[in-house]
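The values are calculated or read from the model by the stated rules, or taken from the named source; none is laboratory data. If you're wondering where the values come from, they're calculated on a predicted model, not measured in any experiment. Because the Cβ atoms are built from the backbone with ideal geometry, glycine has one as well, and the counts that use them run over all protein chains shown. Note: areas computed on protein heavy atoms with side chains; ligands, DNA, RNA excluded. Shrake-Rupley method; radii C 1.70, N 1.55, O 1.52, S 1.80 Å.
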Amino acid sequence: MTEMNSEEYRELRIDVLTEISNVGTGNAAHSLSSMLSGDISIEVPVIRFLEFKDLAEAIDGAENTVVGIMVNLQRDLNGMVMFLMDIKSANGILNNLFGRPAGHVIEEFSEMELSALNELGNVMAGAYLSAISTLTGLSAATTVPEIAIDMAGAIMSVPAIAFGKISDRVLLIQSEIKGEGINAMGNFILTPTEESFDKIFNALWA
């Protein structure tokens, strides 16, 4: 590859992330349509490459209560994937899934509802990881997903501690999920190790 200056390298990294997000969004819409009722669409995502310290504010503030589903990556890629949504968005998804009226609000989710949200996060993570595999030929397996409901700052402190030493930046893909009774904002967060990101970058641009 021709030697690039820092600005050219940054622009190519954004191109890589954009291509991954576009394919991943298509995968996610297809997967959610088979999981939820009615046609599901996902708006063209907003893509950001952020430092850990800026992530909580980028998802509406550190004190915003969110549902977070996290998995770790294995095989060719290592790192962490997390899917976050606020409580209102989670309620919209659950109302659709369980056939409840739009606008119905659950203050405390049952074990069944938490399991459904866990599966949703797992499906979203799988959609974007499938995009990476399709585009690069790299494989990525995930650990069993873990779910938490807390303030965004508290939830994000877990991956920041675990992965802050191996990668100081994260990929944030924000997209609007629309469907029957659903107008939800989802936040897909990918934190690959620097070695894993280099593998992705080199596979696409070698």
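Brief remarks follow.
- Scanning region 53-90 for residues that are farther than 30 Å from Glu180 by Cβ, open to solvent by 30 Å² or more (accessible area, probe 1.4 Å) and not in a loop (DSSP other than H, G, I, E, B) returns Lys53, Asp54, Glu57, Asn72, Gln74, Arg75.
- Phe188 vs. criteria at pLDDT below 80, open to solvent by less than 10 Å² (accessible area, probe 1.4 Å) and farther than 16 Å from Lys53 by Cβ: no
- Residue count, region 23-46 (criterion: open to solvent by 40 Å² or more (accessible area, probe 1.4 Å), part of a helix (DSSP H, G or I), touching a helix residue (DSSP H, G or I) at 6+ places or on another chain (Cβ under 7 Å) and closer than 24 Å to Ala102 by Cβ): 1
- Candidate set: region 102-150, residues that are in contact with an Asp or Glu (Cβ under 9 Å, 6 or more places away or on another chain) and of a type in the set (S, T, N, Q); chosen: the one nearest to Ala184 (Cα to Cα): Asn118
- Taking region 152-185 as the range and being in contact with a Ser or Thr (Cβ under 8 Å, 6 or more places away or on another chain), of a type outside the set (Val, Ile, Thr) and at pLDDT below 70 as the test, the residues that pass are Pro159, Phe163, Ser167.
- Selection from region 104-148 of residues that are without any contact (Cβ under 8 Å) to a residue 40 or more places away in the chain and either in a loop (DSSP other than H, G, I, E, B) or of a type in the set (D, E, K, R) (or both): His104, Val105, Ile106, Glu107, Glu108, Ser110, Glu111, Glu113
- Within region 23-45, being modelled with pLDDT under 80 and under 21 Å from Ile132 (Cβ atoms) holds for Val44, Pro45.
- Test result for Leu12, outside any loop (DSSP other than H, G, I, E, B), closer than 23 Å to Pro192 by Cα, more than 18 Å from the chain's Cα centre (by Cα) and modelled with pLDDT under 80: yes
- Which listed residue is modelled with pLDDT of 90 or more, crowded, with 20+ Cβ neighbours inside 10 Å and assigned to a helix (DSSP H, G or I), from Ile93, Ile20: Ile93
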